[in-house]
Amino acid sequence: MLSLNKVANVNDFADQDFLNSLRKYGACCVAQYPLIPIEQQHRKAWEVGMVVHALDRLGAITPTAEILGIGVAKEETISLLSPHVKRLFATDIYCDPNSWGDWHGTDLMIDASRFLGQPYNRRRVVWQHVDGRSLPYEDNSFDAIFSCSSFEHFGSEADIRQAIGEACRVLKPGGVAVISTEFKISGPRDWFCNVQLFDAARIQRVWLDGIGWQLTSPLDLTLDDTAYIDYERSIHDEAYKLTAHPHIKLDNGEFRWTSINLTLVK
């Protein structure tokens, strides 16, 4: 059975339980990062898939569930989950102009239909401008929380630690949080540009120690044997983008990293 606490592997896309969850909620048809064919798999599609799979496997997707998405911009997790839950709060710094402007803006808060795939249920989604380091919700408010590669952009380690504490605070006892972030394979520091990276020791120190939740299973840090993708070229070189698959493990000349999914229970 696929671990819910693991680094991204291309073979995860061949796991039948994983695929069954994706098919159940329509995740095989998302437009932003298509999940098929496997030769073109992208770690961002894996992150979205792990949210759906983990919440499904742990029984957190129900008609009465209230779910919080942190730093979710216009990710397809919103359209995949919204038809199946009571209410989904989609939060990000939507009103702040910054380098992530292509991924979010105030238009989303007015009508997100043109940005999201079907079956997005706009009646069940509450869009809010929220800084993840200071969540405007009461303690123990949400049945589940999800976030895909956002926390590592929240600032310093102290900022991220604050955001983690806030997420745990608003999660109900027994609630599930499914959060992906960047796993450092190698490199001279724990950060570059505006990205914080986490190895096993740093995950324990920042994400777990002194926080009122725990992993649902031990971390599986087994890496696959796919080639590393040149990170900068995968952003700026249009021709390279056509061959830069599977887009699982990245290399910018100084650091090597991939995605890791953490599934936590309070």
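Read-outs throughout are calculated quantities, based only on the coordinates presented, and are distinct from any laboratory measurement. All figures in this text were calculated on a predicted structure; none of them were measured in a lab. Glycine also receives a Cβ, built like all others from the backbone with ideal geometry; neighbour counts cover every protein chain displayed.
For the reader, a short list of remarks on this structure follows.
- Highest-first arrangement of 251-259, 10-18, where packing means the average Cβ count within 10 Å: 251-259, 10-18
- If you count Lys pairs in the chain whose Cα atoms are under 20 Å apart, skipping same-chain pairs closer than 8 places in sequence, the total is 15.
- Loop-located trypsin sites (Lys or Arg not before Pro) across the stretch 71-172 with a Cβ neighbour count of 16 or fewer within 10 Å are LYS86, ARG114, with loop assigned by DSSP.
- Among ILE203, ILE78, ILE248, residue whose mean-square fluctuation peaks in a GNM of the chain (springs only between Cα atoms under 10 Å): ILE203
- Magnitude of the charge dipole for the chain, about its Cα centre and with charges confined to Cβ atoms of Lys, Arg (+1) and Asp, Glu (-1), is about 760 debye.
- The stretch 147-244: GluC sites (Glu not before Pro) falling in loop per DSSP and having at most 12 other Cβ within 10 Å: none
- Estimated vicinal HN-Hα couplings, Hz - the stretch 183-194 in sequence order (Karplus 6.51, -1.76, 1.60; Gly, Pro = x): 9, 7, 8, 7, x, x, 9, 9, 7, 8, 6, 9
- Highest-MSF residue in the chain out of ILE160, ILE110, ILE61 [GNM, Cα springs under 10 Å]: ILE110
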